[in-house]
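Contents: one structure, followed by commentary.
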Number of protein chains: 2
Amino acid sequence: MASSNIVEQLRQALGPSAVLAGDDIPDRNLQDWSTLGPVRPQVVIRPSDPQGVATAMRIAAQHGIAVVPQGGLTGLAGGSRPIEGGMALSLERLVGIEEIDPAAATMTVRAGTTLEAIQRAADDAGFLFALDLGARGSCAIGGNIGTNAGGNRVIRYGMMRDMVLGLEVVLPDGTLVDGLNKMIKNNAGYDLKQLFIGSEGTLGVVTRAVLKLFPKPACTMAALCGLGSYEAVLELLASARRWLGPTLSAFEAMWPDYWEVATRRVPNIRRPIAGDHEFYILVEAQGSHADDARRFDSWLESQAEAGTIEDAAVAQSLADVKAFWGSRDAAADFKLVLGPHSSFDIGLPVAGMDAYARACRALLAAEIPGCTSYFYGHIGDGNMHIIACVPGADAQPYDAIDDVVYQLVRRHGGTISAEHGIGLKKKKFLAYTRTPEELALMRVIKNALDPQGILNPGKVL
Amino acid sequence: MASSNIVEQLRQALGPSAVLAGDDIPDRNLQDWSTLGPVRPQVVIRPSDPQGVATAMRIAAQHGIAVVPQGGLTGLAGGSRPIEGGMALSLERLVGIEEIDPAAATMTVRAGTTLEAIQRAADDAGFLFALDLGARGSCAIGGNIGTNAGGNRVIRYGMMRDMVLGLEVVLPDGTLVDGLNKMIKNNAGYDLKQLFIGSEGTLGVVTRAVLKLFPKPACTMAALCGLGSYEAVLELLASARRWLGPTLSAFEAMWPDYWEVATRRVPNIRRPIAGDHEFYILVEAQGSHADDARRFDSWLESQAEAGTIEDAAVAQSLADVKAFWGSRDAAADFKLVLGPHSSFDIGLPVAGMDAYARACRALLAAEIPGCTSYFYGHIGDGNMHIIACVPGADAQPYDAIDDVVYQLVRRHGGTISAEHGIGLKKKKFLAYTRTPEELALMRVIKNALDPQGILNPGKVL
């Protein structure tokens, strides 16, 4: 009874095409990219404007039913997995770029717009939108904001948080809060947008955002280097920061086990350098001047002469740059080779990343028979990814793998999530990274904004 | 009775040297740098460790008395002005640098440490701490964090918020929250530090912070340019962003009235270029390579050839760079020339800043007989400063000046504070920049963290 009431009320308020119930609910809304299985919500709402989101939220609050915001559903932690009997609030029809302001170097977008559409629109207008990550073609900017996405160029441009100037948000009680600020500096009261960035849709639903644009780089340089030790990796990173200064745009590391699978077993991936090395480093710089390419080359030569680099391939074209990234992006295709697996986005002190990798590889192999693990990541930011599984096993020992990885993170003073967020999957490990006082304060904030506990309940906390 | 009880309880808990009451209260704790007069608190507390801050806060909460955090007391908005009968919680003895971690490029500091001490320690360790502002010798880093300080190099390094990786904070109930994160990327739950940065000590008292360090620049270039129109200023800014890329570290504008006072009436200020111009621009870049100096010079030549610049002086030494900044920093000495005056830190869309300046100058002169006004600021960030007064008047018409300035800000779509904060002075204008929904949400946050309303009450909201 109550259920059909809500659906009817939503249909009347938002129009029939915005409300899907029963068999009309598409499979895509049942789950995200995490290993958690599908869940069927009571109703899927697809408003086409911010007022529609506010209306849906207000009706949900009246009925006290749980609401799960959904964007591109590419999350890896289960943050947008629906709740049985609840409402999935999809932003798939709240799309489009509303304005590009060249003088302010800003873009105003709707939350359901894909990252790739935003990157292209910025490029067409002569700017760079600096966030970039593997799921660019599917992920929605609202989800990037909700998870404070990181990705490939954090070392230069920062995370999603650093690219948001203003937000429009719907609160759990249905209030629409317009904070579409376009100014770089605005200290008039609390900076409310910070509450919603990275809180995984538990405090409000982002409907529109003002994004910061950067000048388009004049040239992009990249090299793939083979190194003989982790000390050499740290030396190369330090010298890249000094020589390349703020042009340094990526510094990615791949450990040998990863490199082997990425370049020998994943299809269509080039192997830009031959020979075996202890580390494979992809370093990229974006210049504002043709000179910067020469500077990159002479830096690389100096590192080879000093013996820091054992071997290196330098990109001669943008096609080469893309091919170099291919080996790094191959992680997305490890499932073709390995089948189902766990993936991680832990953070660690940079100096201790190799020690962690060695310890983790050994412990996984010792405690879980047949377990193999692959290490790579945004090493310049202290962010390591891990892929782990027992190849060919009927059921993956997900929980056992989690336990090893996260207990070691705790011991090494790291964080259980550098960029993907907590969602459902990492909740039980949150206390490994946060103190009881921090967790209590998070609950105070959650209760203050969502006293009914209806917005994405059970996620993060 | 209650009063002497508290003082006694504080003395027993913190030791007698940490507790000053009655005639022992120093004049310095009675006011900040705003034009608001002195106020005598009941007691001044000077804990020497974070636990002492927590203890003092807990005792204040028991007695329900108001607590005002104080750092260097250089604020311009009255945020650290004490409250009659309340407690001034001074961080002047919670000072020192606890750690510099070269591998992580971080520094851990106590909240009462001056900005200058932090800049020097970073420099000694081979790094740059990028925040810089006129009050560097007196202001405390805890206050810089509380106000989300901006300053001279936001265009390159961002504001204080962008340089904080972790915070330790005492909540209004006396809970000590350790969030001294050192990692660049950490998405494990809500990013709680964002609540305390820029909330002007109304949500918690910062006791320690982990700060982000940058590589020290290899060279600093600067030029002082005379330009003939605001269109030329915008052209120069756009071309500086393109050519100089991320090396661009400051782009400061001075309008002619300001220039006249700064270089002809303030003592000991050089006038690096002769002649009269519509705009005086100080542009600075920090390079990671000697080449960057040549690039800066050739950029400047191209701008002169294109006619964008009418005249320019290029710094030949660091002494020149300092002298160029002298004309910009002369604002701090306008009081010697003009006497008491109002000063503002408004934010505006960059393209509309000159239109605002013209309108504001005209309206101040029309509505307030004898009122003169001087415009300058961090134009690359959309942040304009204004100094305004009626020279020689017995009492300055502060309220009338505020009304003109802020009503025009509202009309031009700006913000009443780009960097100094709201404190007491701008409270009544906050609704010019924030919507009713935003203000209501700020109150929800304030009530959730400080239900008794004892931490810096009456500030901001």
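The values are calculated or read from the model by the stated rules, or taken from the named source; none is laboratory data. Since the structure is predicted, the reported quantities are computational estimates derived from the model, not experimental observations. For neighbour counting, all protein chains shown are included, and Cβ atoms are generated from backbone atoms with ideal geometry for every residue, glycine included.
Only residues that are touching a helix residue (DSSP H, G or I) at 6+ places or on another chain (Cβ under 6 Å) and among the β-branched types (Val, Ile, Thr): list them for segment B:268-282, please.
The one that is touching a helix residue (DSSP H, G or I) at 6+ places or on another chain (Cβ under 6 Å) and among the β-branched types (Val, Ile, Thr): B:269.
Mind checking which residues of segment A:289-331 are within 23 Å of residue A:238 (Cβ to Cβ), in contact with a Leu (Cβ under 9 Å, 6 or more places away or on another chain) and of a type in the set (S, T, N, Q)?
Within segment A:289-331, A:303, A:308 meet the criteria.
Restricting to segment B:322-354, what's the tally of residues that are among the β-branched types (Val, Ile, Thr) and either within 30 Å of residue A:182 (Cβ to Cβ) or buried (at least 19 other Cβ atoms within 10 Å of the Cβ) (or both)?
So in segment B:322-354, the residues among the β-branched types (Val, Ile, Thr) come out as B:337, B:346, B:350.
With either within 30 Å of residue A:182 (Cβ to Cβ) or buried (at least 19 other Cβ atoms within 10 Å of the Cβ) (or both) added as a condition, the list becomes B:346, B:350.
Count: 2.
Determine, yes or no, whether residue B:122 is over 30 Å from residue B:21 (Cβ atoms) and within 22 Å of the chain's Cα centre (by Cα).
Numbers: over 30 Å from residue B:21 (Cβ atoms): yes; within 22 Å of the chain's Cα centre (by Cα): yes.
Against the criterion (over 30 Å from residue B:21 (Cβ atoms) and within 22 Å of the chain's Cα centre (by Cα)), residue B:122 qualifies.
On the given criteria, is residue B:226 crowded, with 17+ Cβ neighbours inside 10 Å and on the phi > 0 side of the Ramachandran plot? If you could, list the steps in order and put the result at the bottom.
Numbers: crowded, with 17+ Cβ neighbours inside 10 Å: yes; on the phi > 0 side of the Ramachandran plot: no.
It is false that residue B:226 is crowded, with 17+ Cβ neighbours inside 10 Å and on the phi > 0 side of the Ramachandran plot.
Any residue in segment B:202-215 that is within 30 Å of residue B:354 (Cα to Cα), at pLDDT 95 or above, crowded, with 22+ Cβ neighbours inside 10 Å and not β-branched (Val, Ile, Thr)? Talk me through it step by step, then tell me what you get.
Narrowing segment B:202-215 to residues within 30 Å of residue B:354 (Cα to Cα): none.
Within segment B:202-215 (the criterion being within 30 Å of residue B:354 (Cα to Cα), at pLDDT 95 or above, crowded, with 22+ Cβ neighbours inside 10 Å and not β-branched (Val, Ile, Thr)), the answer is no, since none of the residues qualifies.
Taking the options A:150, A:137, A:79, A:86, name whichever one is crowded, with 22+ Cβ neighbours inside 10 Å and touching a strand residue (DSSP E or B) at 6+ places or on another chain (Cβ under 8 Å).
Numbers: A:137 fails: crowded, with 22+ Cβ neighbours inside 10 Å; A:79 fails: touching a strand residue (DSSP E or B) at 6+ places or on another chain (Cβ under 8 Å); A:86 fails: crowded, with 22+ Cβ neighbours inside 10 Å.
That would be A:150, the only listed residue that is crowded, with 22+ Cβ neighbours inside 10 Å and touching a strand residue (DSSP E or B) at 6+ places or on another chain (Cβ under 8 Å).
Return the pair list, or none, for Cβ contacts closer than 8 Å from residues in segment A:253-265 that are among the hydroxyl-bearing types (Ser, Thr, Tyr) to residues that are assigned to a helix (DSSP H, G or I), at least 6 apart or on different chains.
A:258/A:331; A:263/A:327; A:263/A:330
Matching residues to (1) outside any helix (DSSP H, G or I); (2) more than 27 Å from residue A:456 (Cβ to Cβ); (3) within 14 Å of another protein chain (Cβ to nearest Cβ):
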| site | (1), (2), (3) |
| --- | --- |
| A:352 | no, yes, yes |
| A:370 | yes, yes, no |
| A:388 | yes, yes, no |
| A:393 | yes, yes, no |
| A:425 | yes, no, yes |
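Which pairs have Cβ atoms under 6 Å, sit 6 or more apart or on different chains, and link a residue in segment A:414-443 that is within 25 Å of residue A:377 (Cβ to Cβ) to one that is part of a loop (DSSP other than H, G, I, E, B) and among the hydroxyl-bearing types (Ser, Thr, Tyr)?
Short answer, once both residue conditions are applied: A:415/A:433; A:416/A:433; A:421/A:147; A:425/A:34; A:426/A:417.
Which residue is surrounded by the fewest Cβ atoms within 10 Å (Cβ to Cβ), if the candidates are limited to segment A:109-125 and must be closer than 30 Å to residue A:25 by Cα and either among the polar types (S, T, N, Q) or not assigned by TED's automatic domain parsing to the domain that holds residue A:160 (or both)? Write out each step before concluding.
Filtering segment A:109-125 for residues closer than 30 Å to residue A:25 by Cα gives A:109-118.
Next, only the ones that are either among the polar types (S, T, N, Q) or not assigned by TED's automatic domain parsing to the domain that holds residue A:160 (or both) stay: A:113-114.
Details: A:113: 24, A:114: 22.
Within segment A:109-125, the match that is surrounded by the fewest Cβ atoms within 10 Å (Cβ to Cβ) is A:114.
Looking at (1) within 11 Å of chain B (Cβ to nearest Cβ); (2) surrounded by fewer than 22 Cβ atoms within 10 Å (Cβ to Cβ); (3) not basic (Lys, Arg), find the lone condition where residue A:317 falls short.
(1)
Can you name every residue in segment A:151-161 that is in a helix (DSSP H, G or I), closer than 19 Å to residue A:140 by Cβ and either away from chain B (no Cβ under 11 Å) or in contact with a helix residue (DSSP H, G or I) (Cβ under 7 Å, 6 or more places away or on another chain) (or both)? Show your work before the answer.
Taking segment A:151-161 first, the residues in a helix (DSSP H, G or I) are A:154-157, A:160-161.
Pick out the ones that are also closer than 19 Å to residue A:140 by Cβ and you get A:160-161.
The one that is in a helix (DSSP H, G or I), closer than 19 Å to residue A:140 by Cβ and either away from chain B (no Cβ under 11 Å) or in contact with a helix residue (DSSP H, G or I) (Cβ under 7 Å, 6 or more places away or on another chain) (or both): A:160.
Please go through segment B:177-188 and pick out each residue that is more than 7 Å from every other protein chain (Cβ to nearest Cβ) and among the aliphatic types (A, V, I, L, M).
B:180 - this is the single residue of segment B:177-188 that is more than 7 Å from every other protein chain (Cβ to nearest Cβ) and among the aliphatic types (A, V, I, L, M).
Might you check whether a residue that is more than 8 Å from every other protein chain (Cβ to nearest Cβ), over 30 Å from residue A:172 (Cβ atoms), part of a loop (DSSP other than H, G, I, E, B) and not charged (D, E, K, R) occurs anywhere in segment A:208-215?
Filtering segment A:208-215 for residues more than 8 Å from every other protein chain (Cβ to nearest Cβ) gives A:208-214.
If we keep only those that are over 30 Å from residue A:172 (Cβ atoms) too, we end up with A:213-214.
Applying the additional criterion that residues be part of a loop (DSSP other than H, G, I, E, B) yields A:213.
From what is left, the residues that are not charged (D, E, K, R) are A:213.
Within segment A:208-215, one or more residues are more than 8 Å from every other protein chain (Cβ to nearest Cβ), over 30 Å from residue A:172 (Cβ atoms), part of a loop (DSSP other than H, G, I, E, B) and not charged (D, E, K, R).
Answer yes if at least one residue in segment B:54-71 is over 25 Å from residue B:168 (Cβ atoms), surrounded by 15 or more Cβ atoms within 10 Å (Cβ to Cβ) and not assigned by TED's automatic domain parsing to the domain that holds residue B:148, and no otherwise.
no
When you scan segment A:1-112 for strands (runs of 3 or more DSSP E) that lie fully inside it, which ones turn up with 2 or more residues that are farther than 20 Å from residue A:202 by Cβ? Outline the logic, then answer.
Numbers: elements: A:19-21, A:43-45, A:67-70, A:87-90, A:97-101, A:106-110.
The qualifying strands (runs of 3 or more DSSP E) are A:19-21, A:97-101, A:106-110.
Could you go through segment A:196-205 and let me know if any residue there is part of a helix (DSSP H, G or I) and within 18 Å of residue B:198 (Cβ to Cβ).
Our first condition is that a residue be part of a helix (DSSP H, G or I); within segment A:196-205, this holds for A:196.
Right, trim to within 18 Å of residue B:198 (Cβ to Cβ) and you get A:196.
Checked segment A:196-205: at least one residue is part of a helix (DSSP H, G or I) and within 18 Å of residue B:198 (Cβ to Cβ).
Restricting the search to segment B:77-92, which residues are charged (D, E, K, R) and under 22 Å from the mean Cα position of the chain (by Cα)?
At the first step, the residues of segment B:77-92 found to be charged (D, E, K, R) are B:81, B:84, B:92.
Once the filter is applied, which keeps residues that are charged (D, E, K, R) and under 22 Å from the mean Cα position of the chain (by Cα), segment B:77-92 yields B:81, B:92.
Against the conditions (1) in a loop (DSSP other than H, G, I, E, B); (2) within 18 Å of residue B:215 (Cα to Cα); (3) hydrophobic (A, V, I, L, M, F, W, C), where does residue B:118 fall short? Just the number, please.
Only one criterion in (1) in a loop (DSSP other than H, G, I, E, B); (2) within 18 Å of residue B:215 (Cα to Cα); (3) hydrophobic (A, V, I, L, M, F, W, C) is unmet by residue B:118, namely (1).
Just the residues that are buried (at least 17 other Cβ atoms within 10 Å of the Cβ) and either β-branched (Val, Ile, Thr) or on the phi > 0 side of the Ramachandran plot (or both), please, taken from segment B:355-375.
B:368, B:372
For the subset of segment B:427-439 comprising residues that are more than 8 Å from every other protein chain (Cβ to nearest Cβ) and hydrophobic (A, V, I, L, M, F, W, C), which member is surrounded by the fewest Cβ atoms within 10 Å (Cβ to Cβ)? If you could, list the steps in order and put the result at the bottom.
Narrowing segment B:427-439 to residues more than 8 Å from every other protein chain (Cβ to nearest Cβ): B:427-429, B:431-432, B:436.
Filter again for hydrophobic (A, V, I, L, M, F, W, C), leaving B:429, B:431.
Details: B:429: 20, B:431: 15.
Result: B:431.
Which residues, counting only those in segment A:268-288, are among the aliphatic types (A, V, I, L, M), surrounded by 21 or more Cβ atoms within 10 Å (Cβ to Cβ) and under 20 Å from residue A:334 (Cβ atoms)?
Of everything in segment A:268-288, those that are among the aliphatic types (A, V, I, L, M), surrounded by 21 or more Cβ atoms within 10 Å (Cβ to Cβ) and under 20 Å from residue A:334 (Cβ atoms) turn out to be A:281, A:282.
Take the conditions surrounded by fewer than 17 Cβ atoms within 10 Å (Cβ to Cβ), touching a strand residue (DSSP E or B) at 6+ places or on another chain (Cβ under 9 Å) and under 24 Å from residue B:291 (Cα atoms) and apply them to residue A:297. Does it pass?
Numbers: surrounded by fewer than 17 Cβ atoms within 10 Å (Cβ to Cβ): yes; touching a strand residue (DSSP E or B) at 6+ places or on another chain (Cβ under 9 Å): yes; under 24 Å from residue B:291 (Cα atoms): yes.
So residue A:297 passes the test.
Restricting the search to segment B:326-363, which residues are out of contact with any strand residue (DSSP E or B) (no Cβ under 9 Å at 6 or more places or on another chain), under 18 Å from residue A:184 (Cα atoms) and among the aliphatic types (A, V, I, L, M)?
Selection gives B:350 alone.
Could you say which residue among A:255, A:243, A:259 is more than 23 Å from residue A:358 (Cβ to Cβ) and of a type outside the set (Lys, Arg)?
A:243
The rows are residues; the columns are (1) within 22 Å of residue A:150 (Cα to Cα); (2) in contact with a helix residue (DSSP H, G or I) (Cβ under 7 Å, 6 or more places away or on another chain); (3) at the interface with chain B (Cβ under 10 Å from one of its Cβ atoms); (4) crowded, with 21+ Cβ neighbours inside 10 Å.
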| position | (1), (2), (3), (4) |
| --- | --- |
| A:230 | no, yes, no, no |
| A:246 | yes, yes, yes, yes |
| A:253 | yes, yes, no, yes |
| A:260 | no, no, no, no |
| A:266 | no, yes, no, no |
